[in-house]
Amino acid sequence: IVRYAKYNFLRGRIFIDIQFLQGESNAWLERTANAKVHSETRKVPHEEWLIELNYLKLIVDPFAPDPALREYSVRKDNVVSYRGNFYRVPRGTYKPPKTTVHIEITDDNQLIIHNSKNEEIVTHPIYPSGMGQTIGKRSSRKEVDKRIDQLIDETAALFGDPEQAKAYFLKIRKDKPRYIRDQLLIINKLPNEFNMEIVNQALTFCVDNKIYRATDMVSVAEKFNAQQSQDETIKQPIEIKTINQTAHKIIPDKSNISDYQSLMN
């Protein structure tokens with residue numbers, strides 16, 4: 001719009017004063033900008049404005065746009081830095097390589113933290129003074145264990161033998177207690193990458209061979225998937241292109257022996 005007005009109205013005009021320019025611009029809008037057919041929409045702007053005018057409503061109450069929420073990064077220890085202090089977010093909020101949240105400040109001095117989906121995840125009172133303080137309690141071990149138990153049950157339900165899967169996940173939990181959540185999240189994605197036959201085979205293989213690592217389970221699934229693809233390729237019928245089936249019916253020409261006798265004499 002600015003470019004259109006700049007090169008179709010202002011270009012070549014002599015500036016006298018702002019009032020004169022305003023009058024000329026109004027006249028130009030009436031006879032040109034809003035009166036001619038638009039090259040792309042093929043519609044007249046003024047006529048479209050008259051149609052939209054019937055749907056416009058008067059705003060009675062004063063309107064103020066919602067303040068834009070500022071974006072902040074979540075640290076690896078699940079805290080957000082705000083004005084020199086650290087505010088805790090629920091354990092597991094941070095996901096590598098980077099996690100961001102949005103912060104809202106209310107009139108009663110509360111700090112509300114929203115996730116990327118604009119869902120409220122935690123609220124803290126803003127620390128009145130000082131710097132370097134950590135506000136909020138750590139998630140209790142009991143709460144964390146409860147969430148892990150729920151994640152184990154949800155992931156095990158994806159497999160053909162949930163009991164076998166759950167027992168396997170508990171082995172991983174015992175072997176890598178600090179990383180059990182990350183391990184489960186990796187395994188949770190397997191049904192999206194491979195068919196369930198492959199996923200179940202990978203589980204059984206890992207159980208039988210005492211492999212308690214999610215990335216190794218992914219590698220096993222990839223191996224089984226590659227073997228299955230290769231077997232399917234071999235099983236495909238091989239098309240053999242032979243010569244024309246009527247070729248064997250062709251009778252070749254024969255020479256007369258007298259022709260050779262005359263050449264020899």
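Starting with the highest mean, order 70-77, 212-219 by the number of other Cβ atoms within 10 Å, averaged over the residues of each peptide.
On the way: 70-77: 12.9, 212-219: 16.6.
Put in order of decreasing packing, that is 212-219, 70-77.
Determine, from the Cβ-Cβ distance of ILE121 and ILE186 and an R0 of 25 Å, the FRET efficiency 1/(1 + (r/R0)^6), rounded to the nearest 0.05.
0.60
How do PHE205, PHE15, PHE224 stack up against each other in accessible area, from largest to smallest, with a 1.4 angstrom probe?
PHE15, PHE205, PHE224
Please give the net charge around TYR94, taking every other residue with its beta carbon less than 10 angstrom from that of TYR94, where Lys and Arg add +1 and Asp and Glu add -1.
Here the charged neighbours net out to +4.
Using a 1.4 angstrom probe on the protein heavy atoms only, could you order VAL37, VAL207 from most to least accessible area?
Correct descending sequence by accessible area is VAL37, VAL207.
Gap in Å between the Cα centre of the stretch 131-202 and the Cα centre of the stretch 57-120?
That distance is 28 Å.
Work out how much length GLU163 to HIS102 would gain on full extension: take 0.36 nm times their residue separation and subtract the Cα-Cα distance, in nm to one decimal.
Working it through step by step, the gained length comes to 17.9 nm.
Using a 1.4 Å probe, how large is the accessible area of TRP49, given in Å² and rounded to the nearest 10?
Taking all protein chains as shown, TRP49 has close to 120 Å².
Stretch ASP216-LEU58 to full length: gain in nm at 0.36 nm per residue minus the Cα-Cα span? Mind dumping the intermediate values first?
Values: separation 158, 0.36 × 158 = 56.88 nm, distance 6.39 nm.
Gain in length upon complete extension: 50.5 nm.
In the structure shown, do any of LYS98/LYS171; LYS98/LYS210; LYS117/LYS174; LYS43/LYS117 have a Cα-Cα gap over 31 Å, and if so which?
Checking Cα-Cα distances, LYS98/LYS210; LYS117/LYS174; LYS43/LYS117 exceed 31 Å.
R0 = 51 Å: FRET efficiency of ILE112 with ILE14, Cβ-based, nearest 0.05? Before the final figure, lay out the partial values.
Working: r = 56 Å, r/R0 = 1.10.
FRET efficiency, ILE112 to ILE14: 0.35.
Only Lys, Arg, Asp and Glu count, each charged at its Cβ (+1, +1, -1, -1), so figure out the dipole size of the stretch 5-52 about its Cα centre, rounded to 20 debye.
260
The values are calculated or read from the model by the stated rules, or taken from the named source; none is laboratory data. Quick caveat, the model's predicted, so the values are computed rather than measured. Positions of Cβ are generated from backbone atoms using ideal geometry, with glycine treated the same way; all protein chains shown enter the neighbour counts. Ligands, DNA and RNA are excluded from the accessible area calculation, which covers all protein heavy atoms including side chains. Shrake-Rupley method; radii C 1.70, N 1.55, O 1.52, S 1.80 Å.
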